[in-house]
Amino acid sequence: MSITEAIIVAAWIISTIFSLTWLLSLKLNNFSFVDIAWAYGLAVIAPLYAWGGAGHGMRQSIALSIACIWSLRLGTYLLLRIKRHHPHEDVRYTVLREKWKDSLAKNFFWFFQAQALLILLLSAPILLACWNPGPQLAVIEIIGVVVWAIGIVGEAISDAQMNAFKSDATNKGKVCQVGLWRYSRHPNYFFEFVVWLGFWLFACGSPWGWVTVYAPALILYFLLRVTGIPLTEECAVKSKGDTYREYQRTTSAFVPWLPKK
């Protein structure tokens, strides 16, 4: 299989998955399911790259492993969270419902397909690594795996700490400031970016891998400017008021750092 054929097949598969997810979302009246499809998407197309790639077997195995571990962990976490809250929908999609109410189904269909295109673009670091025939791992690839591991562990710890906080009924209405959340208002987002930085560094050991720098850059842009911090903090201020404003004053928004007094 050529690299072009792999991209075409992956695009068809991922587009089909998001189309089916769109139909399911319409049936259940909950568009939050797009997040699950997005997270699991990489675990669907990464095996195709590893199977069809002409690269070195060890590198392919590592690329497949880091892609699937990230994808399955995040996808399962989101699946369980959305299952707990269903039929309540993520506030992002409630806002879009109001904005797109005149052509709801059509607009969400193309929104879902845009998410499919995004995960296809973000899979490029894994794609290029699977076509790299080099017999030995480069130092930059090893560094990339280490950075990825720091990100995946940090994100898992952040999610676990937030889940534990929310599971305690006495914390209802309070701001989580335990563990990593004491040093960053969004440690999960920070370590998500670290994961994608690791993907890119791993890809830099392959020809043209450096070009995929757009992958962590896109993730960073969405987290800092679009659907990540801005909307999350807007909702937090509305629900927690001055308590959250004080948290904003004393705690780093993104990069973990010592809180201000």
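Considering (1) within 17 Å of the chain's Cα centre (by Cα); (2) within 16 Å of Ala253 (Cα to Cα), the lone condition that Leu180 does not fulfil carries the number (1).
Within the span defined as the stretch 119-135, every residue fails to be over 22 Å from Ile45 (Cα atoms) and either out of contact with any helix residue (DSSP H, G or I) (no Cβ under 9 Å at 6 or more places or on another chain) or polar (S, T, N, Q) (or both).
Among the conditions (1) outside any loop (DSSP other than H, G, I, E, B); (2) touching a Leu at 6+ places or on another chain (Cβ under 8 Å), the only one that Pro207 does not satisfy is (1). Looking only at residues in the stretch 51-65 that are within 21 Å of the chain's Cα centre (by Cα) and buried (at least 18 other Cβ atoms within 10 Å of the Cβ), the one that is farthest from Cys204 (Cα to Cα) is Leu64.
Search the stretch 226-256 for residues being at pLDDT below 90 and among the hydroxyl-bearing types (Ser, Thr, Tyr), and hand back the single one that is farthest from Glu192 (Cα to Cα). Among those that are at pLDDT below 90 and among the hydroxyl-bearing types (Ser, Thr, Tyr), it is Ser239. As a summary of the residue check, Gln161 satisfies the conditions (1) in contact with a Cys (Cβ under 9 Å, 6 or more places away or on another chain); (2) crowded, with 20+ Cβ neighbours inside 10 Å; (3) among the polar types (S, T, N, Q) except for the one numbered (2). Looking at Ser19, Ser15, just one residue is modelled with pLDDT of 95 or more, small (Gly, Ala, Ser) and under 22 Å from Asp90 (Cβ atoms), and that residue is Ser19.
One line per residue, one yes/no per condition, for (1) in contact with a strand residue (DSSP E or B) (Cβ under 8 Å, 6 or more places away or on another chain); (2) closer than 30 Å to Val237 by Cβ; (3) assigned to a helix (DSSP H, G or I); (4) not small (Gly, Ala, Ser):
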residue: Ser103; (1), (2), (3), (4): no, no, yes, no
residue: Trp110; (1), (2), (3), (4): no, no, yes, yes
residue: Ala129; (1), (2), (3), (4): no, no, yes, no
residue: Ile143; (1), (2), (3), (4): no, no, yes, yes
residue: Trp148; (1), (2), (3), (4): no, no, yes, yes
residue: Ser158; (1), (2), (3), (4): no, yes, yes, no
residue: Met162; (1), (2), (3), (4): no, yes, yes, yes
residue: Thr170; (1), (2), (3), (4): no, yes, yes, yes
residue: Trp200; (1), (2), (3), (4): no, no, yes, yes
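Name the one entry in Lys166, Lys260 that is outside any helix (DSSP H, G or I) and at pLDDT below 95. Full working, then the answer.
Numbers: Lys166 fails: outside any helix (DSSP H, G or I).
Just one listed residue meets the conditions, Lys260.
Among the criteria (1) within 27 Å of Trp131 (Cβ to Cβ); (2) free of Cβ contacts under 8 Å to residues at least 12 places away in the same chain; (3) of a type in the set (A, V, I, L, M), the one Val226 does not fulfil is (1).
Each residue in the stretch 66-90 was checked for being surrounded by 15 or more Cβ atoms within 10 Å (Cβ to Cβ) and either outside the structural domain of Leu122 (by TED's automatic domain parsing) or farther than 30 Å from Phe202 by Cβ (or both), and 2 pass.
Within the stretch 164-180, one or more residues are touching a residue at least 60 places away in the same chain (Cβ under 8 Å) and crowded, with 20+ Cβ neighbours inside 10 Å.
Of all residues in the stretch 172-198, exactly one satisfies the criterion of being of a type in the set (Ser, Thr, Tyr) and in a helix (DSSP H, G or I), namely Tyr189. Total residues in the stretch 210-257 satisfying the condition of being outside any loop (DSSP other than H, G, I, E, B) and either acidic (Asp, Glu) or under 18 Å from the mean Cα position of the chain (by Cα) (or both): the figure is 22.
The values are calculated or read from the model by the stated rules, or taken from the named source; none is laboratory data. Just so we're clear, the structure is a prediction, and the values are computed from it rather than from any experiment. Note that each Cβ is placed from the backbone with ideal geometry, even for glycine, and that neighbours are counted across all protein chains shown.
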